[in-house]
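The values are calculated or read from the model by the stated rules, or taken from the named source; none is laboratory data. What you see is a predicted model; the values in this text were computed from it and never measured. Cβ atoms come from the backbone with ideal geometry, glycine included; neighbour counts cover every protein chain shown. Just the protein is used for accessible areas: all its heavy atoms, side chains included, with ligands, DNA and RNA removed. Shrake-Rupley method; radii C 1.70, N 1.55, O 1.52, S 1.80 Å.
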Amino acid sequence: MRLSRRPRANPSGEMSILEHIGELRSRLVKSCVALVVTTTVAFAFLYNPVLDFVLRSYCALPTSVRIGTSTADSGCRLAALSPLEPLSIRVRLSLTVGLLLAMPLIAYQLWRFITPGLRPSEKRYAIPFALASTLLFVAGVAVAFYTLPKAISFLVAMGGNGIAVFFQADRYLRFVLFMGLAFGLTFEFPLVLVFLSMVGALSSAAMLRAWRPAAAVIIVAAAVITPSQDPISLFAMAIPMWIFYFVAAAVARFIIEPRRARRQEALAGAQEP
């Protein structure tokens, strides 16, 4: 079944501006429908287990900065300061989980939108692209939640003993979710580099020549992107980004560029009399 609405009489995929707008609208509608469905499922069935998971970083803090006693049940509760706050928290958390669940289809729709500019041999990467983007996003969220207890403990300790710390539910969960989204989206960085290599806009030689400036840019970007601004989260984001940079260069060097060279040789051989 064809997902694209391009006419069959146009096998090259060339479209006018209006056709591009119509294609973009179709992809956005499908992505939004998927997000609404997954968010509804998360709101109805997944909220409590996800909330328990999100609160693990809070429960790992010393009892002096947690509300209630030291028991497992009451010692990990956050303070809601308004009647509407629990509902807003549930909606925000469900939307975040819905985005995570809908990520494969959203990534697939994104890839299908940009494939008209690619060669037929490159269009088959739609499903691997969707799977890779989902796995990288999940990996970013996992790294964020793994480093959160240490990062929050560091931030709490920076205030000294004279500062009493009590976390408001809305602000704490907003911080935690934003941290997860920041890491998840940042971990998509290697896919951007691989795509630029596929379209010929970036070569492995250029990436390797610019690795020192790229390392500096990555550390600055990590310092700006991380909501907590602590060194633990900064390096937890920067170090994987450095690794991803060289992995993307290796993929371009040993996979993408040899295939492009073979394709060009075949095309040159076909044009010879």
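Which pairs have Cβ atoms under 7 Å, sit 6 or more apart or on different chains, and link a residue in the stretch 85-113 that is open to solvent by 10 Å² or more (accessible area, probe 1.4 Å) to one that is not in a helix (DSSP H, G or I)? Close Cβ pairs (under 7 Å, with a partner that is not in a helix (DSSP H, G or I)) amount to Pro86/Ala80; Arg112/Leu3; Arg112/Ser4. Pairs linking a residue in the stretch 188-217 that is under 24 Å from Ala126 (Cβ atoms) to a residue that is part of a loop (DSSP other than H, G, I, E, B), with Cβ atoms under 8 Å and 6 or more positions apart or on different chains, are Leu193/Leu202; Leu196/Leu202; Ser197/Ser203; Met198/Leu118; Met198/Glu122; Val199/Leu118.
Report, by residue number, each residue of the stretch 222-242 that is hydrophobic (A, V, I, L, M, F, W, C) and touching a residue at least 24 places away in the same chain (Cβ under 8 Å).
To start, the set of residues in the stretch 222-242 that are hydrophobic (A, V, I, L, M, F, W, C) comprises 222-225, 232, 234-239, 241-242.
Scanning the stretch 222-242 gives Ala222, Ile225, Ile232, Ala236, Met237, Met241, Trp242.
Looking at the structure I just gave you, is Pro231 modelled with pLDDT under 90 and closer than 30 Å to Phe145 by Cα? Criteria met by Pro231.
Identification of helices (runs of 4 or more DSSP H) wholly contained in the stretch 39-122 with 1 or more residues that are of a type in the set (A, V, I, L, M) and modelled with pLDDT of 80 or more yields 47-54, 85-114.
In the condition set (1) polar (S, T, N, Q); (2) surrounded by fewer than 20 Cβ atoms within 10 Å (Cβ to Cβ); (3) under 16 Å from the mean Cα position of the chain (by Cα), Ser203 is compliant with all but (3). Evaluation of Ile127 against the conditions (1) at pLDDT 85 or above; (2) under 20 Å from the mean Cα position of the chain (by Cα) shows that the sole unmet condition is (1).
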